[in-house]
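K.L.:
Below are the structure tokens for one structure; questions will follow.
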Amino acid sequence: MTDGLAAKYPLRVHDFPPDETALVGAAWGYAQAGLRPVLEIPYAKYLDCASDMFHEICATHWLTNGREAPGLLIRLQGFDKGTFGGNFHTHNSLHIPPGLDVVCYSNGLDYVRGARHLLRQTGQGGRVCMSVDCTELLNRRHLYPELQDGFFLSQFPTAQGDSVAQEMTFEDVVLYQPNDSKARCGAIAKDKVDLSKVSLVIVSYGNGLPTSLITMNNLIEKGTLKAEEVLVVDSPYLTRPPKELEVLLTELQQAHQDHGRKQEPAVVFADICKEGPAMPFASFVVSLQKSGVLPAHWRAVGGTPTYNPLGQLLTFLSTDDIEQAATAALQSGRKK
Amino acid sequence: MFKNLSRRFGHASTDRQSAYLSQNDIESAASRNDLHGTYSFFSSVSLPILTSNPKPFFHRFVEFCKLAVESGAISWSEILTEFEATAATVEKAFDAAANEPKITSREDLVQSNSAPIVSAPVAAGQAQKLFDYSNHREQHASGKGKAAAEVMRKHMTALFDEALSGRSPAGEHVVYLGEDVRHGG
């Protein structure tokens, strides 16, 4: 990922040996000295080795009552699905302590715009942020490889000055619905979506986006739902529910009420992390319920709560998992 | 192996070691504490004694100091000055922290988890949510647009190039650290 950068910026790209405690500690020291470090952890599981230092950094703003806010951006590579390396190279659990902003982008466009926002928050604001990078998405080109649809290919969004239009904030989500492209779906602006017709919303992030989109297309192909009845929401910010997600869920329920729909809206939270306490959407459900915007009919589904064996994709979130959850949530939402 | 490790302090500042250790054990551990002894040592002895007859249990620390002095990097009086200045800074910081107004509400505690969010500037006459995905994706399909369509990894490399050059919102001082990142990670 840093190909060519050391040659271009020899004083700014620094190698460290495989000692994560020292690496994380050094990054914090760099930040305290006034630099703006981007810290790469090559495989997500390796962050466990630096756990104490990592947690101290996350707590520092709180511990010092805001006196210490140097800012640090952590790039956590090697997350989720893959057949290489088993548990140590396909880690899919996320513990998010207070004081840490975590994002997981599903595509290059969102990564660039989102990372600009992260760099603003760490470099200007002094926050501690972590971007979780799914291995499988780094070189992915197509939603359906057999169709060569180019869904994940895009042109670099060059920054046109310093303004909000260049960034994807923590509060932003991206909506997807079926269309007539090769991939059979694409991003859509919210004002183009008739929420009163949407019966199912699938919320996901990272690797979960292509899995959710394929599930959406499968449900339509099977005749379970029509194109305008399903919406996929890419929600990259994982520390808490983004405001745009809360607004969307509120507007969805309001639209159904206003139009007297027989089918109450259903939501599936499709999380690529293992089901259990280290699954971000588990805490989303709690927050959304507290704020009163969680629809009555919902399901949450995640990876299998075990360790990932070598050479298999058995334990990762699948289209079948999401489809089963969607069917159950839709069944629950049908008024008798 | 663990039985004779020197114990520097209790579990926490609230830990009452006298509840589970004898006074003799506590004092014995303190006497083997390089850091505790160092402060007492520097506070109580003069420079000639420091340089000629270091007490055995400060041996390692003073040996390092001797190496630094003999290499010409620093003098003994500079070491003592630095030590006293650091101690004074720590005391001052402690007093300042102890006298800060206390946080008494849950909301204020939660607010103190992180520094405030920094908003990006909005250009005059510009709507905030303008990003058009189709403009960057469909141009690939139609062959339009000057830039090549690339995978996510290439975009990430270009983004960090932008950051390292000082052109990102993080400003001038971005550095990139990691394991084997100099040859691509």
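The values are calculated or read from the model by the stated rules, or taken from the named source; none is laboratory data. This is a predicted model, so every value here is computed, not measured. All Cβ positions, even for glycine, are placed from backbone atoms using ideal geometry, and neighbour counts span all protein chains on display. Quick note on the areas: whole protein, heavy atoms, side chains included, nothing else; ligands and nucleic acids left out. Shrake-Rupley method; radii C 1.70, N 1.55, O 1.52, S 1.80 Å.
K.L.:
Does residue B:151 fit the bill of being open to solvent by less than 60 Å² (accessible area, probe 1.4 Å), modelled with pLDDT of 65 or more, within 7 Å of chain A (Cβ to nearest Cβ) and more than 30 Å from the chain's Cα centre (by Cα)?
P.N.:
yes
K.L.:
Exactly one condition in (1) facing chain B (nearest Cβ under 8 Å); (2) surrounded by fewer than 21 Cβ atoms within 10 Å (Cβ to Cβ); (3) not β-branched (Val, Ile, Thr) is not met by residue A:133; state its number.
P.N.:
Status for residue A:133: all satisfied but (2).
For every residue, the table says whether it meets (1) touching a residue at least 40 places away in the same chain (Cβ under 8 Å); (2) open to solvent by 20 Å² or more (accessible area, probe 1.4 Å).
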residue: A:170; (1), (2): yes, no
residue: A:178; (1), (2): yes, yes
residue: A:186; (1), (2): no, no
residue: A:192; (1), (2): no, yes
residue: A:200; (1), (2): yes, no
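K.L.:
Moving to a separate point now. Of the residues A:268, A:247, only one is closer than 22 Å to residue A:172 by Cα and either in a strand (DSSP E or B) or among the acidic types (Asp, Glu) (or both); which?
P.N.:
Step by step, each of A:268, A:247 is checked, and only A:268 is closer than 22 Å to residue A:172 by Cα and either in a strand (DSSP E or B) or among the acidic types (Asp, Glu) (or both).
K.L.:
With the condition kept exactly as written, say whether any residue in the stretch A:142-154 is out of contact with any Pro (no Cβ under 9 Å at 6 or more places or on another chain), closer than 30 Å to residue A:71 by Cβ and facing chain B (nearest Cβ under 7 Å).
P.N.:
Scanning the stretch A:142-154, I find at least one residue that is out of contact with any Pro (no Cβ under 9 Å at 6 or more places or on another chain), closer than 30 Å to residue A:71 by Cβ and facing chain B (nearest Cβ under 7 Å), so the answer is yes.
K.L.:
Further question on the same structure: Restricting attention to the stretch A:282-305, which residues are open to solvent by less than 40 Å² (accessible area, probe 1.4 Å), touching a residue at least 40 places away in the same chain (Cβ under 8 Å) and either of a type in the set (Phe, Trp, Tyr) or more than 17 Å from residue A:316 (Cβ to Cβ) (or both)?
P.N.:
Hits for the stretch A:282-305 are A:284, A:288, A:293, A:294, A:295.
K.L.:
Any chance you could count how many residues in the stretch A:137-163 are assigned to a helix (DSSP H, G or I) and surrounded by fewer than 21 Cβ atoms within 10 Å (Cβ to Cβ)?
P.N.:
Final tally of qualifying residues: 4.
K.L.:
Can you name every residue in the stretch A:1-37 that is at the interface with chain B (Cβ under 7 Å from one of its Cβ atoms), in contact (Cβ under 8 Å) with a residue 40 or more places away in the chain and either among the hydroxyl-bearing types (Ser, Thr, Tyr) or out of contact with any Gly (no Cβ under 8 Å at 6 or more places or on another chain) (or both)?
P.N.:
The one that is at the interface with chain B (Cβ under 7 Å from one of its Cβ atoms), in contact (Cβ under 8 Å) with a residue 40 or more places away in the chain and either among the hydroxyl-bearing types (Ser, Thr, Tyr) or out of contact with any Gly (no Cβ under 8 Å at 6 or more places or on another chain) (or both): A:27.
K.L.:
Hey, among the residues in the stretch A:306-336 that are open to solvent by 60 Å² or more (accessible area, probe 1.4 Å) and either of a type in the set (A, V, I, L, M) or modelled with pLDDT of 95 or more (or both), which one's nearest to residue A:255 (Cα to Cα)?
P.N.:
A:327
K.L.:
Shifting gears a bit: Among the residues in the stretch A:264-277, are any basic (Lys, Arg) and surrounded by fewer than 14 Cβ atoms within 10 Å (Cβ to Cβ)?
P.N.:
no
K.L.:
Okay, moving on. Being modelled with pLDDT under 90 and surrounded by 12 or more Cβ atoms within 10 Å (Cβ to Cβ) is the requirement here; does residue B:111 meet it?
P.N.:
no
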